[in-house]
1. Taking the Cβ-Cβ separation of Lys59 and Lys320 as r and a Förster radius of 45 Å, what is the calculated FRET efficiency to the nearest 0.05?
2. Please give the solvent-accessible surface of Arg109 in Å², to the nearest 10, using a probe radius of 1.4 Å with every protein chain present.
3. At 222 nm, what value in deg cm²/dmol follows for the chain if DSSP H runs of at least 4 each add -39500 (n - 2.57) and the sum is divided by all its residues, to the nearest 500?
4. Keeping all protein chains in place and using 1.4 angstrom, which order do Leu112, Leu30 fall into by accessible surface area, from largest down?
5. What order, most packed first, do the peptides 308-318, 124-134 have when packing is the mean number of other Cβ atoms within 10 Å of each residue?
6. Write down the Å³ per residue value for the convex hull defined by the alpha carbon atoms of the chain.
7. Would you mind calculating the gained length between Asp225 and Lys193 on full extension (0.36 nm times residue separation, minus the Cα-Cα distance), in nm to one decimal?
8. Please compute the Cα-Cα pair-distance distribution of segment 121-198 with 10 Å bins starting at 0, giving whole percents from short to long.
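The values are calculated or read from the model by the stated rules, or taken from the named source; none is laboratory data. All figures in this text were calculated on a predicted structure; none of them were measured in a lab. All Cβ positions, even for glycine, are placed from backbone atoms using ideal geometry, and neighbour counts span all protein chains on display. Accessible surface areas use protein heavy atoms only, side chains included; no ligands, DNA or RNA. Shrake-Rupley method; radii C 1.70, N 1.55, O 1.52, S 1.80 Å.
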Amino acid sequence: MVLRRYLRKNEIMESLFNFTLEELQTTLSLSKNFVAKQVWNWLYCCGVKSFDEMTNISKQLRQKLVEQYSIKRPFILKDLTSIDGTRKWLVKLNDGEKIEIVYIPEEDRGTLCISTQAGCGMGCRFCSTGSQGLTRNLEVFEIVWEIILARDCLDEWKNISKGIGNGRKITNIVLMGMGEPLNNYDNVVKALKIINDENGMAFSNRRITLSTCGIAPKIYDLARDIKINLAISLHAATDEIRKKIMPIAESFSIDEIMKACSVYAKSTNYRRITFEYIMIKDINDSIAEAEKLVKLVKKYNVPAKFNLIPFNYWVGCTFKEPSDIKKIMRFAAYITNARYPCPIRLSKGGDIMAACGQLKTSTRDF
Ligand code: SF4
């Protein structure tokens, strides 16, 4: 029998991607845990797009799912592939808001960069998303959607059974797209628990990185709730320079952020914390700043690594790109010599506006 489908008038059905495994069992009033796991498996290991495909689930339960829940994906407005293989999607959410998702394939890994808010209210002056302002937080299912959608587009579902790092295209998740994840704390943590669940998508904590511009009190919450990798958008070694780049520096000092980082590192058994450092010409690119960075992480005894990212100009930004590659290399060498890893991250996907927020900014009329 073909299952009867209908959408109740004027009502958007709740997404099944909103629930943790435990919640799924309770919500669906399932007396047996293995049935919830079967549904979970269809969602997160098989990537089914209709409840009809859940062939080992009773017709009665499938009927209930059809009538009350949704597993539909968001609408893709743009799907772009760069000459370097970077892929970017601009997607439209149910209420018309747009977010970006970026996939970066490398030799030994495939990183998916996801968004946590539509727009961002932090206003970092080097960031295109920051110029858009915040529209709203993403719901749990909208954050989970980003991975589901990327797996659909990368034809990834057939690789899932091979296990992480063994033929899979998406091996790492980074929360570095649009938005400040710690300002959407509850939804982000719940989505991460779904992404992390070993019965489903099974991305281990070590393969998930959350990047924050430094909402210090929330870093303590994170230390309590989930042990993922932490990255700090630092971009300056002193509050004075940081305030020129990031308005959040008016609220939380580097001292407060570093103290929180120290506690976070302890909670993860001293896993390295990544400090993102965008090099902006004549603002923060002198060797004196590199010296201060090293002193800073030593002072707070934080196990650290740095990512050096030459600023990429976008229309409307007043900052300039660093023009001297030797200067960047000297900066990196100073930090590396102090025994902190400091790779220079050249931007990827420039031909498809892959940097955070650029594609959305350029397509305001969609
Ligand atoms: S860098 Fe991150 S926190 Fe800052 S404005 Fe951009 S998206 Fe927001």
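1. Details: r = 64 Å, r/R0 = 1.41.
Calculated value: 0.10.
2. 110
3. Values: 11 runs with 114 residues, N = 366.
So the helix-based figure for the chain works out to -9500 deg cm²/dmol.
4. Order by accessible area, largest first: Leu30, Leu112.
5. 124-134, 308-318
6. Working: hull volume 53.0 nm³, N = 366.
Output value, Cα hull per residue: 145 Å³.
7. Numbers: separation 32, 0.36 × 32 = 11.52 nm, distance 0.99 nm.
Extra length available between Asp225 and Lys193 comes to 10.5 nm.
8. Per 10 Å bin, starting at 0, the Cα pair percentages come out as 16, 42, 30, 12, 0.
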